[in-house]
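Have a look at the structure below, then the notes.
The values are calculated or read from the model by the stated rules, or taken from the named source; none is laboratory data. Because the structure is predicted, anything quoted here is derived from the model rather than measured. All Cβ positions, even for glycine, are placed from backbone atoms using ideal geometry, and neighbour counts span all protein chains on display. For the accessible areas, the whole protein counts, side chains as well, though only heavy atoms, and no ligand, DNA or RNA atoms are used. Shrake-Rupley method; radii C 1.70, N 1.55, O 1.52, S 1.80 Å.
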Amino acid sequence: MLATFKRCSWCGSDPLYIKYHDNEWGVPLHDDSLLFELLVLEGFQAGLSWLTILKKREAFRKAFNGFDAHEIVRFDQSKIARLMQNSTIIRNRAKILATVQNARCFLEIKERFNSFDRYIWQFVEGRSMVNSWKSEDLIPAKTVESEKMSRDMRSKGFKFVGPTICYAFMQATGLVNDHITTCFRYSELQATT
C-alpha cells in the first residue's frame, strides 16, 4: 500500500506524483530517447510545477512525435504554429523553438559521442552521485556539476539548460540520488548504484 512508505514530501498525495517519485525520479537512466524527453520536459517546467508537466506528459509525447529528435528537427513554422494552438501542452514559443534547437544538438551529440547517454553521464564520471540529505530544505537548486553541464551544453547550442534546470534533470535521470535519507527510495536506489 502506498501509505506504508516514507517518501520525499515534495510528491505530496497526488497519485501521479507518487507514481513518478516511486518509479522514475532518481532512477539511473541510460536510454537516449528517454533522456531527451526528460531534458525537453525539464525545459518546459521552468517557472511551472513539475506536477503540471506530468499531467501534460502524454500530450507532450503526442505533440512532439514521441520526442523523436529526428522528427522534431523537421518541425517547420507551420508545425510550430499548430503547437502554439495546442491547449494540451505548454504553449510557450521560446520553449517550443528551444525543443527544435535541442533536438538538433541532441543528434549532433549522439553522432559525436556515439550516444547522448555517454555524453551526459560524463558530468558525474559515469556513476550516480549519492547525497545524504536529511531534509529537503538542504537540497541545493544547482551544484558545481550542474553548472559545468549547463556551460558545456550551452556551448554546444542547447537552450533552456541553465544550472537549475540541469540539476533537476540530473535528479530526474538518476545522475544524482537526492531522495532524502528517510525516503524508502533512497536506500533502494543506493543499492543499485
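Among the residues of the range 143-152 satisfying the criterion of being farther than 13 Å from residue 122 by Cβ and over 14 Å from the mean Cα position of the chain (by Cα), which is surrounded by the most Cβ atoms within 10 Å (Cβ to Cβ)?
If we filter the range 143-152 for residues that are farther than 13 Å from residue 122 by Cβ, which is where we start, we get 143-144, 146-147, 150-151.
Right, trim to over 14 Å from the mean Cα position of the chain (by Cα) and you get 143-144, 147, 151.
Numbers: 143: 20, 144: 10, 147: 16, 151: 13.
Selected residue: 143.
Any residue in the range 74-89 that is surrounded by fewer than 16 Cβ atoms within 10 Å (Cβ to Cβ) and of a type in the set (Asp, Glu)?
Yes.
Regarding residue 35, is this residue at pLDDT 95 or above, in contact with an Asp or Glu (Cβ under 8 Å, 6 or more places away or on another chain) and under 26 Å from residue 104 (Cα atoms)?
In short, yes.
Among (1) open to solvent by 70 Å² or more (accessible area, probe 1.4 Å); (2) within 21 Å of residue 173 (Cβ to Cβ); (3) without any contact (Cβ under 8 Å) to a residue 60 or more places away in the chain, there is one condition residue 124 misses while meeting the rest; what is its number?
Failed condition: (1).
Can you tell me which residue in the range 9-27 is most open to solvent (accessible area, probe 1.4 Å), limited to those that are outside any helix (DSSP H, G or I) and farther than 25 Å from residue 126 by Cβ? Spell out the reasoning first.
Initially, the range 9-27 is screened for residues outside any helix (DSSP H, G or I), giving 12-14, 24-27.
Among the residues that remain, those that are also farther than 25 Å from residue 126 by Cβ are: 12-14.
On the way: 12: 49, 13: 104, 14: 43 Å².
Per the stated criteria, the residue is 13.
Any idea which of 153, 149 is out of contact with any helix residue (DSSP H, G or I) (no Cβ under 6 Å at 6 or more places or on another chain), under 17 Å from residue 102 (Cβ atoms) and hydrophobic (A, V, I, L, M, F, W, C)?
Details: 149 fails: out of contact with any helix residue (DSSP H, G or I) (no Cβ under 6 Å at 6 or more places or on another chain).
Testing whether each residue is out of contact with any helix residue (DSSP H, G or I) (no Cβ under 6 Å at 6 or more places or on another chain), under 17 Å from residue 102 (Cβ atoms) and hydrophobic (A, V, I, L, M, F, W, C) leaves just 153.
Taking into account only those residues within the range 153-193 that are within 17 Å of the chain's Cα centre (by Cα), part of a helix (DSSP H, G or I) and not aliphatic (A, V, I, L, M), which is surrounded by the most Cβ atoms within 10 Å (Cβ to Cβ)?
From the range 153-193, those within 17 Å of the chain's Cα centre (by Cα) are 153-154, 158-179; that's our starting set.
Of the ones still in play, those that are also part of a helix (DSSP H, G or I) are 153-154, 163-172.
Adding the requirement that they be not aliphatic (A, V, I, L, M) leaves 154, 163-164, 166-167, 169, 171.
On the way: 154: 15, 163: 19, 164: 17, 166: 29, 167: 24, 169: 25, 171: 19.
Here the answer is 166.
List the residue pairs whose Cβ atoms are under 6 Å apart, where the first residue sits in the range 53-76 and is within 17 Å of residue 43 (Cβ to Cβ) and in contact (Cβ under 8 Å) with a residue 12 or more places away in the chain, the second is open to solvent by 20 Å² or more (accessible area, probe 1.4 Å) and basic (Lys, Arg), and the two are 6 or more positions apart or on different chains.
73/104
Six or more apart or on different chains, Cβ under 6 Å: which pairs go from a residue in the range 166-193 that's under 14 Å from residue 29 (Cβ atoms) to one that's modelled with pLDDT of 95 or more and among the aromatic types (Phe, Trp, Tyr)? Could you list them?
172/25
I'm trying to understand the selection: among the residues of the range 28-56, which are open to solvent by 40 Å² or more (accessible area, probe 1.4 Å), part of a helix (DSSP H, G or I) and small (Gly, Ala, Ser)?
33
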